[in-house]
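To start, the structure under review is shown below, and the notes come after it.
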Amino acid sequence: MVRAFVTGATGQDGSYLVERLLADGVEVHALVRRQTEPETTAIPAAVVEHVGDLADPATLHRAIDAAAPQIIYNLGGISSVAASWSDPLATSAVTGTAVGVILEAAWRLREAGAGDVRVVQASSAEIFAGTAVVPQDERTPIAPINPYGAAKSYAAHLVDVYRRRGLHAASAILYNHESPRRPVGFVTRKITYSAAAIAAGTQDRLVLGDLSVRRDWGWAPDYVDALVRIAEADRPDDYVVATGTSHSIEDFLNVAFDEAGIGDWRPFVETDPRFIRPTDAAELRGDPARIARKLGWRPTVGFDELVRRMVRHDLELARIDLPTGS
């Protein structure tokens, strides 16, 4: 039986990945920070938990050694660009430096006779945020413009270094991908949750930043499928995982408020400079030609349907939260 080790197992991508791996008959091990943490209850009982922390190299290394996996999926870390500006040092440690610990642990397992230990690093389109090239592909020069992107860039370079050393290591350069499991702190879920709450009469406005930025949004379970394909590929490589199409925040608002039955979102949405990032890419749009050609991956859920699924989920939550008799 294949044994996989997953970091970030309680996050959006990690939860979908764990479910996928278990369904595929994989023995799943997961990194958890403390066994007493409430969030660990979201991990299925079939998953073997290992206490450790991406910010603590010793416990991270011990957890990987104890799991002795054939595949390591690194999805953990600080995943918010805004949060990375608040704590760039923590971001560099858990999103960047920890990847070096994971790669070295995998290399030592391999050298100890564990066989072909594979590492899939969840990278990000933010490594390209400073480029003027649109769309971006695997040959686009890395040019981060925020601490999160810088940490992911360092990790991407480390993956390449260890791959050249002989480790089966690959980066999945993930563009924006969403689902109902996306935390409300992210702008996409903030929009769908607020649209549902406004429709239910429990909220009267939504405050956002720049509405003109354009992103390439996909469906999170599709991107988890890409991670699995990358892990199972005969040869390690880096892959842009994207839809090839970008939309603005205004486009997202149009679909979300339409699905909520409101129509025009403008009377309910305000912009505030406090929500505008110090630096931000005007457009991030990926070219998924390589992963389509080499691994046969293609997105299955389009932009409109993605947004509508999220709104339908949040409308159901809003109905549940309404006082009795409403």
(request) Take the stretch 123-222, compute every pairwise Cα distance, and split them into 10 Å bins from 0; I just need the percent in each bin. (result) 13, 35, 31, 15, 6, 1
(request) Sort Arg214, Arg34 so that the residue with the fewest other Cβ atoms within 10 Å of its own Cβ comes first and the one with the most comes last. (result) Arg34, Arg214
(request) Mind jotting down a quarter of the surface of the convex hull over the alpha carbons of the chain, in square nanometres, one decimal? (result) 16.8 nm²
(request) Please tell me the relative contact order of the stretch 66-124 in percent, rounded to the nearest whole number, where contacts are Cα pairs under 8 Å and at least six residues apart. (result) 53 percent
(request) Averaging sequence separations of C-alpha pairs under 8 Å and six or more residues apart, then dividing by the length of the stretch 153-284, give the relative contact order as a whole percent. (result) 34 percent
(request) Neighbouring Cβ atoms within 10 Å as the yardstick, rank Leu167, Leu22 fewest first. (result) Leu22, Leu167
(message) For the ranges 80-90, 23-33, what's the packing order if you count other beta-carbon atoms within 10 Å of each residue, average per peptide, and put the highest first?
(response) 23-33, 80-90
(message) With angles folded into 0 to 90 degrees, how steeply does helix 12-23 sit against the dominant principal axis of the chain? Use alpha carbons for both and round to 10.
(response) 60 degrees
(request) Report the normalised scattering of the stretch 15-129 as log10 I(q)/I(0) at q = 0.17, 0.21 Å⁻¹, calculated by the Debye formula with identical scatterers on the alpha carbons. (result) -0.92, -1.32
(message) What does the net charge come to around Ile173 if you take all other residues with beta carbon closer than 15 Å to its beta carbon, with K and R at +1 and D and E at -1?
(response) -2
(request) Identify, among Ser80, Ile64, Gly11, the residue whose Cα sits farthest towards the positive end of the charge dipole of the stretch 5-132, taking +1 on the Cβ of Lys and Arg and -1 on the Cβ of Asp and Glu, with the dipole about the Cα centre. (result) Ile64
(request) List the equivalent ellipsoid semi-axes of the stretch 231-297 in whole Å, largest first, each obtained as the square root of 5λ for an eigenvalue λ of the Cα gyration tensor. (result) 35, 17, 9
(message) Run the simple label-point estimate for Glu19 and Ala82 please: 7 Å along Cα→C-beta, distance reported in nm.
(response) 2.6 nm
(message) Let me check against my output: what whole-number percent is the relative contact order of the chain, with C-alpha pairs under 8 Å and at least 6 apart?
(response) 17 percent
(request) Return the calculated 222 nm mean residue ellipticity for the chain, to the nearest 500 deg cm²/dmol, obtained by summing -39500 (n - 2.57) across DSSP H runs with n ≥ 4 and dividing by the residue count. (result) -12000 deg cm²/dmol
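No lab work stands behind these numbers, since they all come straight from the coordinates. Note that the structure is predicted; figures quoted are calculated from it, not measured. We place every Cβ from the backbone using ideal geometry, glycine too, and count neighbours over all the protein chains shown.
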